[in-house]
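The values are calculated or read from the model by the stated rules, or taken from the named source; none is laboratory data. On a predicted model such as this, the values are computed, not experimentally measured, just so you know. Note that each Cβ is placed from the backbone with ideal geometry, even for glycine, and that neighbours are counted across all protein chains shown. Just so you know, the surface numbers come from the protein's heavy atoms only, side chains and all, with ligands and any DNA or RNA stripped out. Shrake-Rupley method; radii C 1.70, N 1.55, O 1.52, S 1.80 Å.
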Amino acid sequence: MAAKSNIVTQLENPVIGIAEQYIAFKSCCKGEVVIRDNDKTVEWVGYIQPTSLSRRYKVVIRYTINKLPFCIVTEPDLTVLASDKAIPHTYPNSTNVKGVQLCLFLPKVKKLNKVSEWQPTMFVADTFIPWASTWLFYFECWLSTGTWHGGGVEHDESQEVLE
């Protein structure tokens, strides 16, 4: 049997455009949603509270076409909450948004020969908000116990992330 053509694969799993991502955020998420960069970027700013006993976290989620989405916690300052201990499963923040950049999914990492867990055929609102909420839940557990129970793959800056 012949392999499926790239065109058939794209038709079966279409990339979700910025307008559709915007509508998804607006329809299911309280907060502010804007489109930027000549309709190439969608950004959501809102609050996530992992449990009814948790604090509320102000979060920025941004997705630009042909780039990986990212999630930054801007308030409260996670480094202060962590008493300046190294927070597990975060990335060095190279964005223009001040805060801690969360590692919510395994990207395509050349060294690990892994395919990204997030694909542009997915809605950012349907993935990143629950992933961020789960991450924040495990962050709160880590603050209490000193042990990260959230799983994940250890990574470091030396691993080449492919977009």
Handout entry: Sequence-distant residues sharing a close amide H with V100 (under 5 Å, placed H)
Key = V73, L78
Handout entry: Solvent-accessible area per residue for region 50-111 (1.4 angstrom probe, square angstrom)
Key = 54
Problem - Spacing of the two label points (7 Å from each Cα toward its C-beta) at K26 and N93, in nm - result: 2.9
Handout entry: Stretch gain in nm, segment E75-V34, where the contour uses 0.36 nm per residue and the Cα spacing is subtracted
Key = 12.8 nm
Practice task
On the full set of protein chains, 1.4 Å probe, figure out the accessible area of I48 and give it in Å² to the nearest 10.
Solution key: 10
Handout entry: For region 9-101, the fraction of alpha-carbon pairs in successive 10 Å shells from zero, as %
Key = 15, 41, 30, 13, 2
Fill in the blank from the handout: Taking 78-87, 124-133, 14-23 and ranking on average Cβ neighbours within 10 Å, highest first, one gets 124-133, 14-23, 78-87
